[in-house]
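Participant: Sharing a structure with you now.
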Amino acid sequence: MEISKHEARQALDAIQNIRQQMRRAIAMGSAPYYMILWGAIWFVGYICSHFIRNANLGWIWLGLVGMGSLLSFIIGMRFRTKMRSESSPRFMYLWVAITIYAALVWWVAAPTRGEQASMLIVAFCMFGYVITGIWVEPSAAWVGIIVTVMAVIGYACFLPYFSLWMAFLGGGTLILSGFYILHRWRKPHPGEKLHG
């Protein structure tokens, strides 16, 4: 079966429209707010990790993660009524599974330095982004890959400054990605057909 150039162009335009509508749905949902929130938590936490080298650091991270978890719950509840999706529980199960496996690897690997522990946490978090990107939107995978590569470079080449490196390049990438999605993906593109 042969299709004409016009039919091929219509099919490609339809695919592009669906992609843009999916991006707008993501931008209207909770994803960019999670990125901004956790990017800010990483930024503050890693800045503290660089300048505070005592037992209080664990409490600071515990407080930040606790606050982030509470705010994530609030964000999730706020957007739950706006955007119900069959994939929402799957994302929750994905992050629960990643957390369980991260705890298992942590227990077996028993990191002895803060930088090792941070590298494990970053690797598992960004693995979640990559899986989400493969599953839903490729740009999430790119964020995961970029932050992972930056973390590996920082760990391998700039270990004394790893925490500062991750504050700006890890947390900063998440924050900027969240704002980019909010700003760029909400707008319809020229020629895009909107469905009500």
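Participant: How about the stretch 35-61: which of its residues are more than 30 Å from Ser139 (Cβ to Cβ) and either not in a loop (DSSP other than H, G, I, E, B) or not polar (S, T, N, Q) (or both)? So that I can check it myself, show each step before the final result.
Facilitator: Narrowing the stretch 35-61 to residues more than 30 Å from Ser139 (Cβ to Cβ): 51-60.
Answer for the stretch 35-61, where residues must be more than 30 Å from Ser139 (Cβ to Cβ) and either not in a loop (DSSP other than H, G, I, E, B) or not polar (S, T, N, Q) (or both): Phe51, Ile52, Arg53, Ala55, Asn56, Leu57, Gly58, Trp59, Ile60.
Participant: Across the stretch 26-64, what is the number of residues that are more than 15 Å from Met166 (Cβ to Cβ), under 19 Å from the mean Cα position of the chain (by Cα) and either of a type in the set (Val, Ile, Thr) or surrounded by fewer than 17 Cβ atoms within 10 Å (Cβ to Cβ) (or both)?
Facilitator: Qualifying residue count for the region: 3.
No lab work stands behind these numbers, since they all come straight from the coordinates. Predicted model only: the values in this text are computed from it and were never measured. For neighbour counting, all protein chains shown are included, and Cβ atoms are generated from backbone atoms with ideal geometry for every residue, glycine included.
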